[in-house]
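Take a look at the structure below.
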Amino acid sequence: MTRIDAVDCHATIAVIGAGPAGLSTAWFLSKNGFHNVTVLEKLGQIGGLCKSLTVDGMSYDLGANYVTWAYQETLEIAEEVGATTYAEEPYTSIDIAPDGNSFTYRSLMEAVLNDPYTKSTISVWTFLWAAVRYLYIRWQLSGVIDAPDYLDKIHERPELCVDFKSWLAKQDLMPLATLFQFPITIMGYGQLDDIATPYALRYMSVRTFFPMVFGLGPVNWIIGSWPRRFTDGFQRLWERVSWRLNVRLNVNITKIERTAAGVRIDMEYPEQDLNDLKIVKDSKLYDYLVLACPLTKDVFTQLGLAPNDAEQKVNHEIKFNPYCITTFWIDMTMKAPVAPVLPLTEQGTPWAVARQFQDSGNMFTQFYTRPRDKQTGDEAIAEVKRLTKLLGGTIDTSQPRWHTFDEFTYFQHFTPDQIKTGIYADLARMQGADRTFYVGGATDFELVEPIVVYSKYIVEKHFAGGVRAA
Ligand SMILES: Cc1cc2nc3c(=O)[nH]c(=O)nc-3n(C[C@H](O)[C@H](O)[C@H](O)COP(=O)(O)OP(=O)(O)OC[C@H]3O[C@@H](n4cnc5c(N)ncnc54)[C@H](O)[C@@H]3O)c2cc1C
């Protein structure tokens, strides 16, 4: 096993995966004078889970969609490549009656304060006081949670290595629990008594939380309206980034071998000579490997890469959440572009409905949920059809092109106990061993900004401090 401490900027570097992690790593490497960097992507498209679809000139996000005020690094890149954003209109919420036969639209604030299932009610002052206290506590934790390498040392703060619900209860912040269900549980990160507190705190930073609760009138005038979406879709941001990098799509990596001489990658890819398209077999030796793809056993098998002991441990311990998105073309008036279902319904039923560009006549409607155990795709789609009927919508079956169903394993994460015993410190020790670096979902919280911040940190720590050519 060879360990490196500094890297010459002439080094050749292969980055596996053209999602936000791989592309931001290549971007920051390029900014730091590394020009022999190749991004190898198995699919024919850029962006990974940032996936957008364009219909009638409007782009819809099927994967990542929002940026918040906290997305400083991502927005800086966006500005440089010319990707613009627009502010989302305020959300509403859908309250489904316990018998499942009727619903009402309620404001998010109303949904957060009143639970018609349990008949529990929180006063607006109790809620706001909890929100102010959360901001204060979160601000005090900024030095810990907002550091790019926050997870590496988080085991030194065992009081944070607990599930988020326990942490909220301990801080007397339970009046915020329903509010947090929207960005956390509904968006695929698990129940509040499941997700580890360091992830939830990273997500709910001061800059993300403050506009969520206090983003009204003059506040918006000062800090801008948040969250925002990319006008042409999140995927187009990464496409624009890729134009400035060396990215090869449709690459089938068949074998990766790490030796003292370098990292040998055997691959096949299509190459076009004007009229002819042929599959080329290639074998290249790189100085370093950056894995910007999920750190699962499957991916190591796909890559023909024998995991070392440390990688095997991560492979073994890493957890995922299944999640799915269904889209249909639906003739229906929605009260707002986004509506979470609150109180939360049973797992496997739609938890949020979203429609972008409604004012421009769009009917393309998305439903998000976490499937329940053994639920088939058809069963999940049947739940979407049931809700559509309840909301008074008609699915336009003459638009089959605009029906999509994606089920994916989401949110690479560890349990609070695994975090407490230092799994991220182990991951940090792996950086650079065997000529390999790791960025992306497994190394930070599964959102674009933390991933971009982490890529920058890894580049600056392990590469940019290296031997620079004159
Ligand atoms: C429905 C949904 C909504 C989301 N909403 C938001 C949001 O609003 N805001 C936000 O910030 N984030 C959001 N996210 C999360 C965000 O999309 C992810 O955190 C981010 O895309 C992860 O980036 P990554 O590069 O680590 O991984 P990925 O995006 O998964 O990219 C990994 C890349 O590696 C490639 N790859 C895998 N195996 C191989 C192989 N063998 N060879 C070559 N390439 C390979 C994949 O094809 C892929 O392109 C959302 C995600 C989903 C699914």
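Read-outs: derived from the displayed coordinates by stated rules, not from any lab. Predicted model, so just to flag it, every value in this text is computed and none were measured. Every residue, glycine as well, gets a Cβ built from its backbone with ideal geometry; the counts of neighbours run over all protein chains shown.
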- [ ] Just subtract the alpha-carbon distance of residue 87 and residue 214 from 0.36 nm times their residue separation and send over the number in nm, one decimal.
- [x] 44.2 nm
Open item on the list: Tell me the relative contact order for segment 122-219 as a rounded percent, counting alpha carbon contacts under 8 Å between residues six or more apart.
Closed with: 34 percent
Open item on the list: Whole-Hz ³J(HN,Hα) for each residue in segment 343-354, computed from phi via Karplus 6.51 cos²θ - 1.76 cosθ + 1.60 with θ = phi - 60°, x for glycine and proline: what do you get?
Closed with: x, 4, 8, 4, 4, x, 9, x, 9, 7, 10, 9
TODO: Determine, for 142, 30, 360, the number of other Cβ atoms within 10 Å of each Cβ, and report the residues in order from fewest to most.
DONE: 360, 142, 30
Task: Under DSSP loop assignment and at most 10 Cβ neighbours within 10 Å, longest trypsin sites (Lys or Arg not before Pro)-free interval of the chain - done: 120-373
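How much mean residue ellipticity at 222 nm does the chain get from its helices, if each DSSP H run of length 4 or more adds -39500 (n - 2.57) and you divide by all residues, to the nearest 500 deg cm²/dmol? Mind showing how you got there, number by number?
On the way: 17 runs with 146 residues, N = 470.
My calculation for the chain gives -8500 deg cm²/dmol from helical runs alone.
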Task: Other-chain or far-sequence residues with amide H under 5 Å of residue 55's (modelled H) - done: 60
- [ ] Give me the Debye-computed log₁₀ of I(q)/I(0) at q = 0.17 Å⁻¹ for segment 122-219, equal point scatterers on Cα only, no solvent, two decimals.
- [x] -0.75
Open item on the list: Cross-link candidates for residue 389: which lysines have Cα within less than 17 Å, leaving aside residues fewer than 8 places away along the same chain?
Closed with: 335
TODO: Compute the long axis of helix 377-390 from its Cα atoms, compare it with the longest principal axis of the Cα atoms of the chain, and write down the angle in degrees, 0 to 90, nearest 10.
DONE: 30 degrees
Task: Set of lysines with alpha-carbon distance to residue 153 below 24 Å, sequence-local pairs under 8 removed - done: 165, 170, 313, 319, 420, 456, 461
Task: Distance (nanometres) between label positions extended 7 Å along Cα→Cβ at residue 362 and residue 79 - done: 2.5 nm
- [ ] Based on other C-beta atoms within 10 Å, arrange 167, 221, 351 from fewest to most.
- [x] 221, 167, 351
Task: Förster radius 35 Å - calculated FRET efficiency between residue 171 and residue 397 (Cβ-Cβ, nearest 0.05) - done: 0.10
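Treat every Asp and Glu Cβ in the chain as -1 and every Lys and Arg Cβ as +1, leave all other atoms uncharged, and give the resulting dipole magnitude about the Cα centre to the nearest 20 debye. Walk me through the numbers before you get to the answer.
Working: 44 positive and 55 negative charges, 73 e Å.
So the magnitude is around 360 debye.
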Open item on the list: Under 8 Å for C-alpha pairs, at least 6 residues apart: give me the relative contact order for the chain, rounded to a whole percent.
Closed with: 27 percent
TODO: At 0.36 nm per residue, minus the direct Cα-Cα distance, what do residue 147 and residue 54 gain on full extension? Give it in nm, one decimal, please.
DONE: 29.9 nm
Open item on the list: Give me the one-decimal nm value for the distance between modelled label points at residue 31 and residue 102, 7 Å along each residue's Cα-to-Cβ direction.
Closed with: 5.5 nm
Task: Proximal lysines relative to residue 42, as straight alpha-carbon distance under 21 Å, when same-chain residues fewer than 8 apart are discounted - done: 51, 255, 278, 281, 284, 297
